[in-house]
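> Got a structure for you, questions after.
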Amino acid sequence: MKGYRQYFLKKLGWLMVTFVFAFMLNFILPRLMPGDPVAVITQKVTQGMTSQAGVTKIYEEYSELFGTKKPLLDQFVLYITNVAQGNFGISFSQYPRPVADIIGDAIWWTIWLQFPAILIGWLIGNILGALAAYLKGGFDKVLMPSSIFLSNFPAFGMAVILLVVFGITLKWLPLSGGYGFDQIPNMSWEFVWSVFLHYQLPFWSIVIISIGGQAIGMRSMAIYELNADYVKYSRFLGIKDQKIIAYVFRNAMLPQVTGLALSIATMVGGALVAEIIFSYPGLGNTMIKAITGQDYPLISGVTLIVTLMVLVANFLIELIYGLIDPRIKATQAD
Amino acid sequence: MGYYFPPLHYTSGEIIIDGRNISGMDPDDVRKSILGREISYIPQAAMNALNPTRRIIHFIEDVMHAHEPSMSKKDILAMATERFQVLGLPPSVLQKYPVELSGGMKQRTVIAISVILSPKVLVADEPSSALDVTSQKMVIKMLRDLMDKGFIKSMIFITHELPLLYNVTDDIAVMYAGQIVEQGSAKEAVFTPLHPYSKGLMGSIIVPEEGLREAKLTAIPGVPPNLKKPPSGCRFAERCQYVTPECRAHSIDLRAISEGRAYRCILSEKQMQEAKSHG
Amino acid sequence: MNNTIKQVFRSPKFLVGFIIFSMILLTAVIYPVIVRDPPLAILGQGTFFEPGVYVSTFDTFQAKRYKLDLEDAATKRIAARLGPQERQDLKAWLVTAGVPEASIDTSDTTALMDLWVNTYDPAKSEGMTSAKRNYYERLDLSLKGILGTEGVIIATTNAETGLLEESDSFARDDFVNLNQIPVVRVLPLGTDNFGRDMLTELIAATRTSLLIGFVAGIVATSIGLILGLMAGYIGGIVDDFIMFVTNLFTVIPSFVLLILISFSIGQESRGAFTIAVVIGLTSWVWTTRAVRAQVFSLRNRDHVNLSKLSGHSIFRIMLKDILPYIASYVVMALILQISSGILAEAALSILGLGPKTTEVPTLGLMMNWAMIYSAHVTGKWWAYIPVLVDIALVSFSMNLMNTGLDQVFNPALRE
């Protein structure tokens, strides 16, 4: 267990480092841009306002809030302190709701939608890829081109197609939202059923999109492993084929887990856009509302939360990898 | 056996081990009663011969269970520990993953696993080629140990290194382009080669002796034929200095000249020995 | 080199991808030469005109008339008048009037019409609401109108008296020759929400999107190549630092950076080129990793060591002894970057952070407009299906080429 603890601490350290950098980027990027963000914000807020004194006052208020007149380092400390207290500021477009409150409402929709969908897509993709490598022939010939097609099809495109086919043409499933318009969130079966129905289209569009890339990756890995020397050697020693296949797929699976950790950032990005097509009440939708409303604090809050979400997901996958790859525990101890 | 290892496939010939013809046997019987037990194998690249995510002992358990499903894990561990000790390998290796072992140690572990069922024949495919000289020596010593201690009855040693071969084996068969071109005792094959290719092969060895500085190594001109479309006549004809039109006309058979001694050439034994002086 | 190219073109995957991609590229280049309409010109005074041939009504009145005696003219008119909804309504009435449901086939216009004309009687509508009754009467009247024989009269206002006077009339068997009509406009893909010709716009958008992808790909691949070469060849602390940064940007989602930067740039200064550069700046990580791994395996090869011993500069070694060996990987990486750049632009545009909308169309912007105007919900398929198919074909063909190349250069994957 000593080896794993070392591995865990290493990954935790890395998580901390990436956290700090995520904060810094989120803080610095908007401030690097030419122009005075506060002036832009003030202009948005005061549109139609005639009193010059009022405009100046609002400008002063925002300068105070963002601390733009202080040195950059002080601003950063202010930013970190605010965020640490869960204070992301007040939303412009949904004034006077605090940003933290808006994100708090949306984040669970996104987490419950995306992570199960990405995991299921990953699983199905790996099984299909492994089968393609093992069965070869016709199955492979059909699966490979369709996987290439799927993996490069934009997530929003899949969302639109599912929406048109199952929502509009066949009328099987609701088009948009997280639950029916006529529902008030409560714990009744009716509400849960409505949530379940609304969950289907966004869920499957993310699943289908994730399958392609994973299937291609798993196929290559499995072919590589099937040709590995240990496979030939094991066969020569008379080990049963089923056992050898089990070796191969376990070994091919391991890089796929790492692959998931590396690509989860990209996948979440695509899935957020898919959410928008269905007006799913998650972070994707919050983001587009923030962008159309030029709601600076909300955008900043959402991007930070999404980054943190991805970092944590990445960290968790790495932890699981440490558990399932026996070499980690063995080699870290030295 | 070809049917057991695609893309290899059976075309002709028989495999007889200890008087038992195994060609045409049911593949699962081959797996269970022949592989590992009658014939075993040491692969060329031991670096990747072991499943990287399985401890050595677990891999040995898999091998044993493929042949003796009833054997308990405890017995296997005891047996493996004893066998490793006898072969001079620390039993702690059993609990390790391949990545934790050094190259030489890995090769010796692979050898120990290959002979765990005391096979009749051990096929060693360049078992020392990727190793440094010290590890090479240990591997060769181990292989001889196996014979001496009776873990294996015989060994087929495949290599390019003739001096090594001469030290390890009783008989040598020289192969060219997929065919045996000469067969004989180690001494005969090395010192009185009959086939032009074997002659060339033996001629390419540097012998540390007087006048070495001035001596020139003789190389065989040309390149081996394309084995996808082997030539219809003698496969060595294109590179042979004694080539005659007849050589290219039809394939040449392996000719036995005495017990255990044979070669594949139309020239007579006498002609060959005379030609030696030129070689 | 020649041999490699031959081998590449023998890979069926590469070939199919190459053909699709070349056709798209050729269309994008040649079409604007032939059709010189500005892609963003607004033609339609309204949203989402259906695909088809648009004929000037005014010209039809002026054109020479011909008499054609076509038997099925009436049936065709009726068939056009009866949409799926009307057919269902007719059926509903017939069923309440006692006609067995099984004997009504709504897809056979002639039979349905015969049944209707023979059965319909306003008196039988008694059980219905008055609105329903009136609806059926109006429908019946209009159908009977189509079955009649009267023509249409064109009347113009007399400027002096202010009275309508007949100036012209059409009979039902009057025809004009389409070739004699001076103003005809073909809109193969209809118009978009602003009334712009979808086809012209789509092709212009494909061109811009390909350019965006290309610029983004070049930027990303150059950064990735330089960083990868430095990390892999120089190694040591340079490698540690570059890999640290690369790992950092691998886990920090690039689209978040993309959103932050695009938003910060502001709508006004977001041109297509700026967006392309920003996409390139946020997507170099994978190339860096791949190039570094390749260089790592190359840097201790004999020919590199020989070059080092000969005292060649690092720059020369990288250029002459390393780059040629990783060229195939770099080309593959570039292809992937271009295609993912196109997708990134599309995703950004859907978020409303795409290039400024007034200059050029891009595939992402067209998709965004279609979504904003709910084309997908209202069944205006021509506003988004061609765009999606286009995006899919571009990225599919490029990835197919890439897979083909991969199989040529990595023989293990060939089976």
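> Which of the aspartates and glutamates could be linked to A:Lys10 by a straight reach, that is with a Cα gap under 18 Å, when you skip same-chain ones fewer than 8 residues away?
Hits, sequence-local ones excluded: A:Glu318, A:Asp325, A:Asp334, C:Asp240.
> Additional query: For a test of the definition: using alpha carbon positions, the gyration tensor, and the 1.5 limit on a/c, classify the range B:77-157 as rounded, prolate or oblate.
It comes out oblate by the Cα gyration axes.
> So which residue, out of B:Lys74, B:Lys199, B:Lys120, gets the largest mean-square fluctuation from a GNM of chain B using Cα contacts under 10 Å as springs?
B:Lys74
> Output the 0 to 90 degree angle, nearest 10, between the alpha-carbon long axis of helix C:198-229 and the longest principal axis computed from the alpha carbons of chain C.
10
> Here is a follow-up. What is the dipole size for the protein assembly as shown, taken about its Cα centre, with +1 at each Lys and Arg Cβ and -1 at each Asp and Glu Cβ, in debye to the nearest 20?
I would put it at about 3260 debye.
> Tilt of helix A:52-66 relative to the longest C-alpha principal axis of chain A, in degrees (0 to 90, nearest 10)?
Result, in degrees: 40.
> Exposed loop sites here are trypsin sites (Lys or Arg not before Pro) in DSSP loop states with at most 12 other C-beta atoms within 10 Å. What is the longest stretch of chain C lacking them?
With a cap of 12 other Cβ atoms within 10 Å, the longest stretch comes to C:65-413.
> Could I ask something else about it? Where in chain A is the longest stretch that carries no trypsin sites (Lys or Arg not before Pro) classed as loop by DSSP and with at most 14 other Cβ atoms within 10 Å?
Excluding the exposed sites themselves, the longest stretch runs over A:172-334.
> Order by neighbour count: B:Met142, B:Met175, fewest other Cβ atoms within 10 Å first, most last.
B:Met175, B:Met142
> Next question, about the same structure. Can you find, among C:Thr149, C:Ala171, C:Pro182, the residue sitting farthest towards the positive end of the charge dipole of the range C:147-209, where Lys and Arg contribute +1 and Asp and Glu -1 at Cβ?
Going by the Cα projections, it comes out as C:Pro182.
> Same structure again: Quick check: residue separation of A:Leu9 and A:Ile111 times 0.36 nm, minus the Cα distance between them. What number comes out in nm?
Full-extension gain reported as 34.2 nm.
> For A:Ile324 and A:Phe181, calculate 0.36 nm times their separation in residues minus their Cα-Cα distance, and state this gained length in nm to one decimal.
47.0 nm
> So if I take the centroid of the Cα atoms in the range C:346-397 and the same for the range A:244-284, what is the distance between those two points in Å?
Measuring centre to centre over Cα atoms gives 25 Å.
> Then there's this: Along the Cα-to-C-beta direction of C:Ile314, a point sits 7 Å from the Cα; which residues of the range C:216-259 have their amide N less than 16 Å from that point?
C:225-243
> Where does helix B:133-148 land angle-wise versus the long Cα axis of chain B, in degrees 0 to 90, nearest 10?
Between the helix axis and the principal axis of chain B, the angle is about 80 degrees.
> How do B:Val133, A:Val310, B:Val190, A:Val248 line up, fewest other C-beta atoms within 10 Å first?
Arranged by neighbour count, lowest to highest, B:Val133, A:Val310, B:Val190, A:Val248 become B:Val133, B:Val190, A:Val310, A:Val248.
> Further question on the same structure: Can you give the calculated 222 nm mean residue ellipticity of chain B, where each DSSP H run of n ≥ 4 adds -39,500 (n - 2.57) and the sum is split over every residue, rounded to the nearest 500 deg cm²/dmol?
-9000 deg cm²/dmol
> Listed here are the pairs A:Lys240/B:Lys74; B:Lys187/B:Lys228; A:Lys2/A:Lys232; B:Lys32/B:Lys120; B:Lys32/B:Lys141; C:Lys91/C:Lys124; which of them are more than 24 Å apart at the Cα?
B:Lys187/B:Lys228; A:Lys2/A:Lys232; B:Lys32/B:Lys141
> To continue, here is another question. Let me know the longest stretch in chain B that avoids all GluC sites (Glu not before Pro) found in a DSSP loop with at most 15 other C-beta atoms within 10 Å.
The longest uninterrupted stretch comes out as B:15-160.
> Sorted by mean Cβ packing within 10 Å, highest first, what order do the peptides C:103-110, A:294-301 take?
A:294-301, C:103-110
> OK, next. Hey, what number do you get for chain A at 222 nm if only DSSP H runs of n ≥ 4 count, each worth -39500 (n - 2.57), divided across all residues, to the nearest 500?
Per the formula, -26500 deg cm²/dmol.
> For A:Leu308 and A:Glu60, compute 0.36 nm times the residue count separating them, minus their Cα-Cα distance, and round to one decimal in nm.
Gain on extension, A:Leu308 to A:Glu60, equals 86.1 nm.
> For B:His160, A:His198, B:His58, what's the fewest-to-most ordering of other Cβ within 10 Å of each Cβ?
B:His160, B:His58, A:His198
> Hey, if you put +1 on the Cβ of every Lys and Arg and -1 on every Asp and Glu Cβ in the protein assembly as shown, which of C:Ser262, A:Gly177, B:Pro193 ends up farthest toward the positive end of that dipole?
B:Pro193
Each value in this text was obtained by applying a stated rule to the coordinates, not by laboratory testing. In this text, all values refer to a predicted model and were calculated from it rather than measured experimentally. We place every Cβ from the backbone using ideal geometry, glycine too, and count neighbours over all the protein chains shown.
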